[in-house]
Amino acid sequence: MPLRRRTRLVQPGRCCDKKAYATEAAALAALNRIAMLSDADKRPQRAYKCGYGWWHLTSLRGPSPSTDIPRRIRTLVMERDGCVCFCCGAPLTGQPHSLQHRRARGMGGSTDPLIHSPANLLLLGGSGITGCHGRVEQRASADNLAGYWLRFGQDPATTPVLHWKLGLVLLDHDGAVTPVGRAA
């Protein structure tokens, strides 16, 4: 009898209390097994990756959570910020860097179409636990006042953010940067 290969399944509670799969291939394999066994109107119909990096199954009834930043938006933000850290101005070429969502996506993503808007994204040095990005993720009130992270209800397009060189600026959904009026 040939050995069956088992897919790795993460225990619920280790990420977001749903059945989770370590790889997309494992999630799709589970999806195919379920498709053969259950009614079409009740079964999961797609796999998605959560904010913790695990794969889950869901139906197509509700809006799908958006967790991946589109490549064109990522490129636009990197060009807008000049491949330097938005907070400190350190060059990021060849250095660890990541994009910060000023208004958080929430666990498992968001259905808000503007969550990946250039107005909501900043290029920061480090990861979510190191460098400027790690500091901003600590959610200090000074970083909220600087606009690096936003509270519920704050609009990224109308809330100024402190740029390392330009001072307070407004970011728009098209990727433009507008300095906030300075005293002459």
- Note on the structure: The exposure ranking of Val136, Val180, Val169, fewest beta-carbon neighbours within 10 Å first, is Val180, Val169, Val136
- Proxy exposure order for Thr93, Thr23 (fewest C-beta within 10 Å first) is Thr93, Thr23
- Message: If N is the number of residues in the range 127-171, what value comes out of its Cα radius of gyration divided by 2.2 N^0.38 Å?
- Response: 1.14
- Query: Can you work out ³J(HN,Hα) from phi for every residue in the range 155-170, in order, using Karplus 6.51 cos²θ - 1.76 cosθ + 1.60 and θ = phi - 60°, giving whole Hz and x for Gly and Pro?
  - Reply: 8, x, 6, 10, 9, x, 10, 7, 8, 4, 10, 8, x, 6, 9, 9
- Item | Relative contact order, percent, the range 67-127 [alpha-carbon distance under 8 Å, six or more residues apart] | 46 percent
- Do you know the relative contact order of the range 71-179, to the nearest whole percent, from alpha carbon pairs under 8 angstrom that are 6+ apart? 27 percent
- Item | For Arg102, distant residues with modelled amide H under 5 Å away | Leu121, Leu122
- Order by neighbour count: Ser117, Ser127, Ser141, fewest other Cβ atoms within 10 Å first, most last. Ser141, Ser127, Ser117
- Fraction of alpha-carbon pairs over 17 Å apart in the range 91-184 - percent: 50 percent
- Would you mind checking which residues have amide H under 5 Å from Tyr148's amide H? H placed 1.01 Å from N; only 5 or more apart, or other chain. Leu162
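Taken together, the values in this text are just the output of simple stated rules run on the coordinates, not laboratory data. Quick caveat: nothing in here was measured; it's all calculated off a predicted structure. Here the Cβ is made from the backbone with ideal geometry for all residues, glycine too, and neighbour counts use every protein chain on show.
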